Structures are given as C-alpha cells and as structure tokens.
Amino acid sequence: MTAALLVLLTALVPVFVQTVGTSDPWRFWLGEGTTEPLQVWNRGSLDAVEKRGVRDVRIVGPTRIGLISPRHTEFRLVLYATGSAATDGIRLRMRTTERDYAELSRGGIALTIDRSGVRIEEGTTVLAATDTLRFRAGDPIRIAIEHDGQQTRIAVGCSLFGPFRTQLPATEYTIVEPLGDESSSLQISDVAIEGVRD
Amino acid sequence: MRATLPPLLVVCMVLVWQGCSTAAFRQLVTRTEKDTYTHTRHDTIRTIEFPNAPGERGIVYPSDRTTKTERALEQYDSTVVRYYPNFIRFGVFESAGLLATGPSDRAVGGGIFGIYTDPNESFGNNIAPKSALFTGSMYRIGTIEFPLYWFDQEPTWSVGTSLTEVFQWEASNERAIVGAFPLYLRKRYFLRDEIPYVCVTGTAGFGFLPSQYLNMAASLDVGSLGGANVRVYAGMVIGRSIEQRSVVQPYLGFGASLLDFHNHPRELRRQWSEHEHSSWDVGLMRLTPFLLLSGGDTAGQGSSVGLQLQLMPTTVAFPVGDHRITAGADLFTFVFAYRQQQPQARNPGVAFGYGVLPLRIGYWLPIAGGALALEPYAMYSYFPHSMWQVAARLHVNAVEWLPLGIAIGYISSAGFSVTRGTIEEVVGRNILAFDVAYLGITIGIAEELFRPSQLRYYRSDR
C-alpha cells in the first residue's frame, strides 16, 4: 500500500508541476459552458480583478481587463457596468489588442463614459460626444457594441451611436478600464457576446 | 543501392528524432500568445443607375435613379503569434562537491564540483573509499522549474522537478539518497538583476521514490551565462536512503551546471525572438568524426579514422572588445584517435583522451550574418590527464538545432592508465599518449548557433 502510494506520488509530481507551473492566474473565463465563452485577461494585480459570477467580474482600482472573444473578431457584445461612488467612469477600447495598446499605444476606438458625458474617439478624432448621458455611481449602464466589417456601432443605454466607419482591423479584444483612483470599483455584469456572421 | 539504405535510414531517424524532440521541447518551455486581426477592405458596393427616360421630357422632369447596394465583403485575417519562455529554470545537468558529509577517508572524491572522479570509477557505480576534502557529491539531471504565483505575483517562487537527483554522502550506497521526480519549491531573492544574475535561493524538496526525503537548502547562485552556472549550497536532508536507512545529513558544497538556463521573472514577458543571449553556441552534444592526417598508428593497416565527442559544449562570448573572443567549456570531452594495430601485441593500446570540464578559448567570426561561423580555438583539458588541442571549425547552421561543420586541428594527449571501471571495459587498459592532426566533420545534436543580432551585446535596445 505504501509502495503504491509512493509510486503514485512520484508519477503525479511531473503532472502537478506542469499543471500548476503553466497555469495562468491572470486569465479566466466568463460564460464557460455556453456556446460563446469569453476570456478575461487581467492586466493588473491578481486581487484587483475578481470573478463574481458566470458572467460577472469586478474590477478594483485603476487597472484594466481584456475581454477576449476567442472565436470572433466581428461580434456583438453587451455588458452592464456599475461603478462605486469613488469611480469616475469607464472606458472601453475596441479594435485594438492588449499588446498594441500597452506596447505600441494604439488605442483603437475608445468609448469613454464619465461624469461629464460620453465621448467616442478614434485616436485624436472625436467621432461622437454628448453630455446628456453621464456616468452615475450605482446606476447600471448598458453598453452594446457591434463590429461588422469596417463599421462599428455603439449603444449606451438606449442611445445609439454610429455606425462609424473605420480602417482599423477588427480584433478579438475589448479592453475595459475603470476610471478612478485606488478605491474605485466597477462591476461588469451580464456580459454576453455573439458573432456577427454565425 | 542496398548499401545506401541503412545510412539513409539513420539520417531519416536522426531528422525525425530531431524534429520531434525540437517540437516537444519547444512546446514544454514556450508560452504562445496569438492575436487575430480581421481587415475589411471593401464591405459595400453601391451602384447608381440613371436610365434615360424616353422622349422629350423638358428640363424639370424628374429622372429615374436606381441605387443598388450590395454587401460584398472583402476580408482577410492576419494573425500575429508571439512566443515567450514559460520557465524559470531549465537545466540538463547540475553537480556539486559536498564537504564533510562523511568520514574523510570514505570520500567519493569528486572534487570541488563533484565530477572530477577517478578515471577508474568514472561513469560507473563502483566507488572505492578514498581520502578527500570533498567527501560527497550531488547530481541533478533534467531540472525544470515553472513560475508559481501562489505567494506573490512576481514569479520569484517556482515549482519544479528533476528527472533524478542523487546525494552521495560517501563512497557507499548505505546512506545515499536518490530521488526520481522530486517535488521542489524554490524562492529566489535577486541580488543582481542583470545577466549573469546573482540570487539567493531557498529550497524545499520532497522525494518519494526510491528514497523518501525532505531537502531543505539555500544556495547562492551565479548565472546563467550561456547556460553555465556556479553555486554554493548549504542544506540538510532528512529521510531514508535507498537502502532504507535513516539519514539526517547537513551539507555544504560547491556546484556547477551546464545547459542550465535561468529566466528572471521579467524575461517571462519577453518574446523568445527578443531574448538576450550571451553565447555564440550551446548544445547538448557535438560529434566530430575525423580523418587522421598525421600521427596515427603507422604500424597498422586499419583505417585512420577517429572520433571526438563533446558533451554540452558551450561557447560564451567574452564581454570584451567586439565580443568575438570566446571562452568555453564542455561537460566531458572524449577523443578516440586510433587503436594500435600490432598483431604480436597481446594488449594493443588505444589512443584515447578524456577530459572533465576542459576549457576553451577562441575567436568567433560570423560569416553571412551568422549563418556560417569560423571558430579557431585552443582547448586545454587538465583532468584526469593533460590534453590540449588547437583547431579551427567552420560551423554551418544547416538544420535547426542540428548544425554541421568542418574541423581541422591538432590534438596532443599525455595518456593515462586505468586498471578497472567503465573506461577500462569500454576503451581498454592500455591508453596511449598521442599527437594527431585531423580533418573532420562536426555534427551538433540539439545545438544552436547564435547570430550576432541575437547576442545581447549587439542589441540596439540595450
């Protein structure tokens, strides 16, 4: 019995080492078990991003996450964002990748919703802006995005923006950045995605 | 036709093995990231048609206009794949000489690094007790460590294992500790953040078979530089030996390792293509079959063909001048020059040389951007006997991890004698001194030549 246990332990060591050693705690999945799972890539500290439910994630402090649709670059994405009192807003970056943004400063199309209104920008060009829709602490904001070919449509609540025509390639990424200081927190809930063409 | 089949088969098998091992090794030590971009060049075609209305219609008559809009996508995906190292440490061989691990007259006698063993006992397990300062040895083969994020987010913690590790405290197996796939946790404190790294490493290891033991240790590690490291160890092993005797053994030792690569945590986020290399050449094995040009057995009628085998050859760019001066070492070097052909002799001699950690110094001249390299060098082997070599080698980066080359050189060996052991069984007892000139071809097995652009000294982003 002891010998069998020792053999088992010895055999399990390489499996354990490879499994633990190659796991990536900065990535996890939303909607796993569904036909359209979405990968979350935490780009901050481990405790800054927490999975709260099958489709919910909470972000604390000024960090960012990448929502990655592994099967689609052209997709419809919807989510609800709810911020705390210390949160100033939310920024979504589309048609870029984490590496392009972090290392090459390619910000893609940026949707910023803060306490002064909504702005949609591509580089230094403002595509749309309004001050009638504002970020309010505790109020969930519904954000929907559609990337279809060269066109991007954005809906904030019931207000539609676009379609915007862009030369930027469609990517698998939607980068979510809470705006605020270390005490801010942002709840992203009911995240859902579907491909445009299937 | 039949005569060519076996060599072709061997070549095919080597290539298949090389391909499979290269792919498997890459998969083990590499993390892959992929970004996909969908480019849409044309997504709407709008055709506007103005059909001419029949007859005379006057100036303000509204004309027909037909607008036909077709959604016709012209799309293509581009994919960017990036490869990153995903290991903290990958080591092929590590050894250490241990101090005061047993009575001084029952020592293994492996010297400071634990591998300078008596040629009568090299590559065998029949070790006679002897009087020596370094009484014990430690060997570790096939070590891999991956980052562990349980305790902090910078992977200064690691989890790893080895194919095998051996603690030989004295010249007997009674208290020897042997572990297959021991589980190791390590924590590194970096004292120097630049290559070669200097760090203090805390270690806790558990072995289950064939010995059951706990190894608690700390080490001062310097390296890696082209996969070469030196270490100072202090630790304690508690457990049962392979002969199931209780062992509580503190130890202190000095070690060295080759083909033992370390990554600083920040290097895990640096692509392989941007990785910093310090060597012109590292490899698992290099074979040099050669034709004797002079100095062979003049009395014999046999073929004048010899062989040099280098295990873990490493050629590090020396950090002076243009970094083409090199310093290198092998774990072992074997030279078989010729077998003495004397029909009347009862015990014909063998011109054979064998070196442990022989040292090389040379010059590396890259040609055609590093696809070829000319390396004149001198090698000196000081243990277990004196042997030196001057040679020039032209390397060709033929197949990935399988470079070929041509070598011409001169080897002088003082010879040595053995009375027993593996060398006596395989080579013979009567080992001759020899001086030979040779012309050979070199075949690197799992060997990689680096181009100037890959060396950290030549990188523009330093």
Among the numbered criteria (1) free of Cβ contacts under 8 Å to residues at least 40 places away in the same chain; (2) assigned to a strand (DSSP E or B); (3) of a type in the set (Ser, Thr, Tyr), which one does B:Ser158 miss?
(1)
Residues of segment A:134-187 being under 19 Å from A:Ile65 (Cβ atoms), of a type in the set (Asp, Glu) and surrounded by fewer than 19 Cβ atoms within 10 Å (Cβ to Cβ), which ones?
A:Asp181, A:Glu182
Take segment B:161-190 and flag every residue that is part of a strand (DSSP E or B) and hydrophobic (A, V, I, L, M, F, W, C).
B:Leu163, B:Val166, B:Phe167, B:Ile177, B:Val178, B:Ala180, B:Leu183, B:Leu185, B:Phe190
B:Asp152 versus (1) within 14 Å of chain A (Cβ to nearest Cβ); (2) among the acidic types (Asp, Glu); (3) in contact with a strand residue (DSSP E or B) (Cβ under 8 Å, 6 or more places away or on another chain): which is the lone unmet condition?
(3)
Residue hits (segment B:134-151; of a type outside the set (Phe, Trp, Tyr) and either more than 21 Å from B:Phe25 (Cβ to Cβ) or touching a His at 6+ places or on another chain (Cβ under 8 Å) (or both)) are B:Thr135, B:Gly136, B:Ser137, B:Met138, B:Leu148
Please go through segment A:17-40 and pick out each residue that is hydrophobic (A, V, I, L, M, F, W, C) and more than 10 Å from chain B (Cβ to nearest Cβ).
A:Phe28, A:Trp29, A:Leu30, A:Leu38, A:Val40
Restricting attention to segment B:167-197, which residues are within 22 Å of the chain's Cα centre (by Cα), more than 9 Å from every other protein chain (Cβ to nearest Cβ) and either more than 25 Å from B:Gly226 (Cβ to Cβ) or of a type in the set (Phe, Trp, Tyr) (or both)?
B:Tyr197
Here's a check for you: in segment A:171-198, which residue that is within 18 Å of A:Glu122 (Cα to Cα) and among the charged types (D, E, K, R) is farthest from the other protein chains (Cβ to nearest Cβ)?
A:Glu177
Determine, yes or no, whether A:Val49 is among the β-branched types (Val, Ile, Thr), under 19 Å from A:Ile188 (Cβ atoms) and surrounded by 21 or more Cβ atoms within 10 Å (Cβ to Cβ).
yes
Verdict on B:Ile127 being outside any strand (DSSP E or B), buried (at least 18 other Cβ atoms within 10 Å of the Cβ) and in contact with a strand residue (DSSP E or B) (Cβ under 9 Å, 6 or more places away or on another chain)
yes
Within segment B:220-267, work out how many residues are farther than 17 Å from B:Phe90 by Cα and part of a strand (DSSP E or B).
19
Need the failing condition index for A:Thr34 against (1) modelled with pLDDT of 90 or more; (2) more than 17 Å from A:Ile154 (Cα to Cα), just the number.
(1)
From the list B:Ser78, B:Ser95, which residue is more than 30 Å from B:Trp169 (Cα to Cα), at pLDDT 85 or above and of a type in the set (Gly, Ala, Ser)?
B:Ser78
Among the candidates B:Leu309, B:Leu287, residue that is surrounded by 14 or more Cβ atoms within 10 Å (Cβ to Cβ), in the same structural domain as B:Leu374 (by TED's automatic domain parsing), in a strand (DSSP E or B) and touching a residue at least 40 places away in the same chain (Cβ under 8 Å)
B:Leu287
Please verify whether segment B:152-168 includes one or more residues that are of a type in the set (D, E, K, R), surrounded by fewer than 23 Cβ atoms within 10 Å (Cβ to Cβ) and out of contact with any His (no Cβ under 6 Å at 6 or more places or on another chain).
yes
Selected residue (only one of A:Thr73, A:Thr96, A:Thr82 is within 12 Å of chain B (Cβ to nearest Cβ) and under 27 Å from A:Asp131 (Cβ atoms)):
A:Thr96
Selection from segment B:64-100 of residues that are of a type in the set (A, V, I, L, M) and part of a strand (DSSP E or B):
B:Val80, B:Val81, B:Val92, B:Ala96, B:Leu98, B:Leu99
Taking segment A:99-120 and keeping only residues that are surrounded by fewer than 17 Cβ atoms within 10 Å (Cβ to Cβ) and either hydroxyl-bearing (Ser, Thr, Tyr) or away from chain B (no Cβ under 13 Å) (or both), one is left with A:Ser105, A:Arg115, A:Ser116, A:Gly117
Output for segment A:140-170, where each listed residue is more than 14 Å from chain B (Cβ to nearest Cβ) and within 19 Å of the chain's Cα centre (by Cα):
A:Pro140, A:Ile141, A:Arg142, A:Ile143, A:Ala144, A:Ile145, A:Ile154, A:Ala155, A:Val156, A:Gly157
Return the total of residues in segment A:139-157 being at pLDDT 90 or above and outside any strand (DSSP E or B).
3
Screening B:Tyr139, B:Tyr189, B:Tyr197 for residues that are surrounded by fewer than 20 Cβ atoms within 10 Å (Cβ to Cβ), in contact with a Gly (Cβ under 9 Å, 6 or more places away or on another chain), closer than 17 Å to B:Leu220 by Cβ and of a type in the set (Ser, Thr, Tyr) leaves only B:Tyr189
Hits in segment A:1-13 - residues which are exposed (fewer than 15 other Cβ atoms within 10 Å of the Cβ) and either at the interface with another protein chain (Cβ under 7 Å from one of its Cβ atoms) or at pLDDT below 90 (or both)
A:Met1, A:Thr2, A:Ala3, A:Val7
Please work out if B:Thr143 is within 23 Å of A:Leu9 (Cβ to Cβ), in a strand (DSSP E or B), within 14 Å of another protein chain (Cβ to nearest Cβ) and not basic (Lys, Arg).
yes
Looking only at strands (runs of 3 or more DSSP E) that fall completely inside segment B:362-462, which ones have 2 or more residues that are surrounded by 18 or more Cβ atoms within 10 Å (Cβ to Cβ)?
B:372-381, B:387-399, B:402-413, B:434-449
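The values are calculated or read from the model by the stated rules, or taken from the named source; none is laboratory data. Given the structure is predicted, the values throughout are model-derived calculations rather than measurements. Cβ: placed from backbone, ideal geometry, glycine included. Neighbour counts: every protein chain shown.
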